[in-house]
1. Hand me the list of helices (runs of 4 or more DSSP H) wholly inside region 179-244 holding 2 or more residues that are in contact with an Asp or Glu (Cβ under 7 Å, 6 or more places away or on another chain).
2. Taking Glu98 as meeting all but one of (1) buried (at least 17 other Cβ atoms within 10 Å of the Cβ); (2) farther than 24 Å from Ile235 by Cβ; (3) among the acidic types (Asp, Glu), write down the number of the exception.
3. With the structure loaded, tell me whether Ser215 is in the same structural domain as Ile103 (by TED's automatic domain parsing) and surrounded by fewer than 13 Cβ atoms within 10 Å (Cβ to Cβ) or whether it fails that test.
4. Among the numbered conditions (1) free of Cβ contacts under 8 Å to residues at least 24 places away in the same chain; (2) under 21 Å from Ala94 (Cα atoms), tell me where Gly185 comes up short.
5. Being of a type in the set (D, E, K, R), farther than 16 Å from Cys207 by Cβ and in contact (Cβ under 8 Å) with a residue 24 or more places away in the chain is the filter here; which residues of region 223-267 pass it?
6. Just to be sure, is Ser273 modelled with pLDDT under 85 and either farther than 30 Å from Ser184 by Cβ or loosely packed, with under 13 Cβ neighbours inside 10 Å (or both)?
7. Could you check region 150-166 and list, in sequence order, the residues that are in a loop (DSSP other than H, G, I, E, B) and touching a residue at least 60 places away in the same chain (Cβ under 8 Å)?
Amino acid sequence: MYSCSSLLFQTHPHWGEGCCQSPGERPHPGGWRLTELPCRGPCKNILRCPAQVADIERVAREVQLLKLIRHPHVVQLFEIIETRGQLYLIMEYASGGELFDYIVQNQRVPEPEACRFFHQIIAGVEQIHAMNVVHRDLKPENLLLDEHKCIKIVDFGLSNRFDDNQLLKTACGSPCYAPPEMVSGQSYVPQMCDLWSCGVILFAMVCGFLPFEDSNTSALYKKILAANYTPPSFITDSVKDLIAGLLTVDPAKRFTIADVRAHEWYRQIPEASVRPRDLVSGQCGLEEDVLQELKCHGFPQEYATNCLLNNKHNSVTTTYYLLASKRRRMAEHLQIRESERAREERARSPAPVPGASAMDDRPAAEPEPLRENSPGPESKVQERADVRAEAAAILREATPERKETATTAVSPPSSRASVARPGSA
């Protein structure tokens, strides 16, 4: 049995020493304590103490739901390590931090970028609901950003399973993001609960503050029950309409995911969510190169394939997904380098002249250097004037004379040619 720290070193490049040393502990109801590890590693540490049965079931349910859902916009659970005194959940790493901090740092999110985030949130929520799971605690603090600024939905501690057409009764989550039916203590449709929270998140992204806020809890609940909020003037009417459709008090009239996808604000950019990888299509949807690499590390290919297809969460599947992710990152970096190199080459090469033929590509002949006795610019002008005067004299001699009533004096040829304007005589 290997220790947690040795596993962390092997599975993620950002995990390092001190990962499990001197954790800052945070009280958790029922005797369980969630530990914030002083490192960048995606490890959730739960200290095992005497606890109530309900709390044990809650932790077990969170693990079960994380194992069930696999989607690009839902945090991935890699492995569960259980010791005598602790339980470690090894999860996907999101280097961008919380969406909440991103909003605070930028004061608010520009609408095109907020639309991109919202595409990914809706895609993740849609997959969660497709698995008959409701999150019930959607908020910017539970939405993380990865290295590409893609959304990862986390923290399924308050989530639960539901059957088709089943209503839930438990009131939970953050009050500022809770729907009116939950605040009033009524039974609620699970999907509509999460969609109300999505409306609050969208408002927070584009406005930079929450639609329902009050230090007095009773006043806060009154605002939520009446959907009493004021959108600022600097957001567009289109996003105001989408927010209003999601923050509708009557859940029967509230926007569904289909309504959200059909809205003009949502469709202002192409679909920005990442499509999930299918593990069944083709050759089981698995990457043969990664399986061969696993074999080199001592994992038989047949055993690794069975673990992946059966959605196991062990060291084999963890190593596979991390190696596959590393390969994708390397391919992305190579693609970026190639595009930058091509851009630099285009910048160095001269732009082609429109309409230029292939003959124009020949180098131009260099001007002949001036000799010592060669005429300068002034003598060349004089030569051209003398040639024009000589040509005019020859033309007069060749032209027959005409009898005119008035005689005109012929002025001698000048070294400068003058142009007479009409009516100047």
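The values are calculated or read from the model by the stated rules, or taken from the named source; none is laboratory data. Bear in mind that the values here come from a model prediction, so they are computed numbers and not experimental data. With ideal geometry, Cβ positions are generated from the backbone for all residues, glycine too; neighbour counts draw on all protein chains shown.
1. The qualifying helices (runs of 4 or more DSSP H) are 217-225.
2. So Glu98 meets the others, but not (2).
3. Criteria met by Ser215.
4. Against the list (1) free of Cβ contacts under 8 Å to residues at least 24 places away in the same chain; (2) under 21 Å from Ala94 (Cα atoms), Gly185 comes up short only on (2).
5. Of all residues in region 223-267, those of a type in the set (D, E, K, R) come to 223, 237, 240-241, 250, 253-254, 259, 261, 264, 267.
Subset that is farther than 16 Å from Cys207 by Cβ: 250, 253-254, 259, 261, 264, 267.
Once the filter is applied, which keeps residues that are of a type in the set (D, E, K, R), farther than 16 Å from Cys207 by Cβ and in contact (Cβ under 8 Å) with a residue 24 or more places away in the chain, region 223-267 yields Arg254, Arg261, Glu264.
6. Answer is no for this residue.
7. Residues satisfying the conditions are Cys150, Val154, Phe156, Gly157, Ser159.
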